[in-house]
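Trainee: Mind looking over this structure? Questions follow.
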């Protein structure tokens, strides 16, 4: 699952997979802004056949939180 999430992030943030830090979170990705965050959520919902609540979306600012929300 983590590899698929990184692939999606790579597309949304227009960064090569090799450029992602080991600890992926919003503060570590320069172009992770509000618009790209929403694009990321849409792509994750589509890829994992999920629908996230607004509270969940606002918390999904790190790899750990994204995995946690997808796992719910």
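Throughout, read-outs are computed from the coordinates displayed, never taken from laboratory work. As the structure is a computational prediction, the values presented were derived from the model and not from experiment. Cβ coordinates were reconstructed from backbone atoms using ideal geometry, including for glycine residues, and neighbour counts include every protein chain displayed.
Trainee: If r is the Cβ-Cβ distance from residue 23 to residue 53 and R0 is 35 Å, what FRET efficiency results, to the nearest 0.05?
Mentor: Working: r = 25 Å, r/R0 = 0.73.
Using R0 = 35 Å, I get an efficiency of 0.85.
Trainee: Sorted from fewest to most neighbouring beta carbons within 10 Å, what does the list 14, 59 look like? Each step should come with its number before you reach the end.
Mentor: Details: 14 9, 59 14.
Sorted ascending by nearby Cβ count, the order is 14, 59.
Trainee: What's the angle, to the nearest 10 degrees (0 to 90), between helix 2-13's Cα axis and the longest principal axis of the chain?
Mentor: With rounding to tens, the tilt is 70 degrees.
Trainee: By how many nm would the segment from residue 4 to residue 39 lengthen if fully extended, with 0.36 nm per residue of separation less the alpha-carbon distance?
Mentor: Working: separation 35, 0.36 × 35 = 12.60 nm, distance 1.53 nm.
Taking residue 4 through residue 39 to full extension adds about 11.1 nm, to one decimal.
Trainee: Sticking with this structure for a sec: Once the Cα atoms of helix 34-48 and of the chain are each reduced to a long axis, what angle between those two axes, in degrees from 0 to 90 to the nearest 10, is obtained?
Mentor: 60
Trainee: For the chain, would you read off the P(r) tail past 17 Å as a percentage of all alpha carbon pairs? Show your work: numbers first, answer last.
Mentor: On the way: 846 of 2556 pairs.
Summing the P(r) tail past 17 Å for the chain gives 33 percent.
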